[in-house]
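Have a look at the structure below before the remarks.
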Amino acid sequence: PGWLLSPPGRPYLESLLHRNRRRVFGLLERPLLPPALAVPTLPYKLFLVGRSGVGKTALVAALAGTPRTPAHHETLGIEATTVFWPAKPRGSARPVLFQLHFWD
């Protein structure tokens, strides 16, 4: 569970950070990794739907590392956010990079 903070996982975490904050990526962007650390990217599109004011946008903002203002605001239309999440599956020698497209 602590692989991302371990010495082998630090380069993957550092590729996601900018000034010690999670970097915001656009729909066509991805983190830059050295060729020796290149890993497969697994894209997923996650569509969040639910009642108004339950915290869908706040959840996406927390996962993306971009906290929103505490005041409630209604999301107009669809808001797309891309989050990259490195992980090392159990029983695998190589890590993978999950590319999560949140559609809120």
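Please treat every number below as a calculation from the coordinates, not as lab data. Model, not experiment: these values are computed from the prediction. Please note: Cβ atoms are built from the backbone with ideal geometry, for glycine as well, and neighbour counts cover all protein chains shown.
Under a plain spin-label model, where a point goes 7 Å from the Cα along Cα-to-Cβ, how far apart in nm are Arg30 and Leu17?
Distance between the two pseudo-spin positions: 2.3 nm.
Tell me, in nm to one decimal, what length is gained between Ser6 and Leu37 on full extension, where the rule is 0.36 nm per residue of separation less the Cα-Cα distance? Before the final figure, lay out the partial values.
Numbers: separation 31, 0.36 × 31 = 11.16 nm, distance 1.50 nm.
Full extension from Ser6 to Leu37 adds 9.7 nm.
What does a probe at Val49 reach in the range 88-104, counting residues whose amide N is under 16 Å from the point 7 Å along Cα→Cβ?
Label zone hits: 102-104.
Classify the chain: rounded, prolate or oblate, from the alpha-carbon gyration tensor (a ≥ b ≥ c, eigenvalue square roots; a/c under 1.5 rounded; otherwise prolate if a/b is larger than b/c)?
prolate
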